[in-house]
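The values are calculated or read from the model by the stated rules, or taken from the named source; none is laboratory data. Nothing here was measured: the structure is a model prediction, and the numbers come from that model. Glycine gets a Cβ as well: all are built from the backbone with ideal geometry, and neighbour counts include every protein chain shown.
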Amino acid sequence: MRQGPIPVGEAVVTGAGKLKARWVIHAAGMGQDLRTDADLIRAATANSLKRAEERSMRSVSFPSIGTGVGGFPIDECASIMIGATIEHLKTTRSIELVRFVLWGDAAYRAFADELERRRKDLET
């Protein structure tokens, strides 16, 4: 609450409370209208990664932003989030591991398939 409200597509960092993590990055993937789009998901992902860099985090875990209440298609979300992550990792100073923590087989398959399609991008 002390850091908000934030614009949709932005992200802020708080302590993790009793979670087994040091920080929690809160990304605004949709507004009060509960709608999102590709640009907002891309921005929320990129800004989350920027916040992680600012704190020299070594790992980050993401849900599939906007695919629950926001109703955004999981395949498109996977493409956007993985693309933004690959771009960021090309210049990272601290991040060594990015996890996508997903709900259900369909989400897992969408992200796994997208990672396979982008394998060559990961090797550069």
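Taking the conditions (1) assigned to a loop (DSSP other than H, G, I, E, B); (2) closer than 25 Å to R2 by Cβ in turn, A44 satisfies each one other than (1). G71 fulfils the conditions (1) surrounded by fewer than 16 Cβ atoms within 10 Å (Cβ to Cβ); (2) closer than 18 Å to A43 by Cα; (3) within 15 Å of the chain's Cα centre (by Cα) except for a single criterion, (3). Of the helices (runs of 4 or more DSSP H) contained entirely in region 60-124, those carrying at least 3 residues that are touching a residue at least 24 places away in the same chain (Cβ under 8 Å) fall at 74-89, 105-117.
Each row is one residue, and each column tells you yes or no for (1) on the phi < 0 side of the Ramachandran plot; (2) modelled with pLDDT under 95; (3) in contact with a helix residue (DSSP H, G or I) (Cβ under 9 Å, 6 or more places away or on another chain); (4) not hydroxyl-bearing (S, T, Y).
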| position | (1), (2), (3), (4) |
| --- | --- |
| G17 | no, yes, no, yes |
| A21 | yes, yes, no, yes |
| A27 | yes, yes, yes, yes |
| L34 | no, yes, no, yes |
| R42 | yes, no, yes, yes |
| G71 | no, yes, no, yes |
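Residues in region 1-36 that are surrounded by fewer than 17 Cβ atoms within 10 Å (Cβ to Cβ) and in a loop (DSSP other than H, G, I, E, B): 19 in all.
For region 4-44, a residue qualifies if it is in contact with a Leu (Cβ under 7 Å, 6 or more places away or on another chain) and not hydrophobic (A, V, I, L, M, F, W, C), and the qualifying residues are G9, G29.
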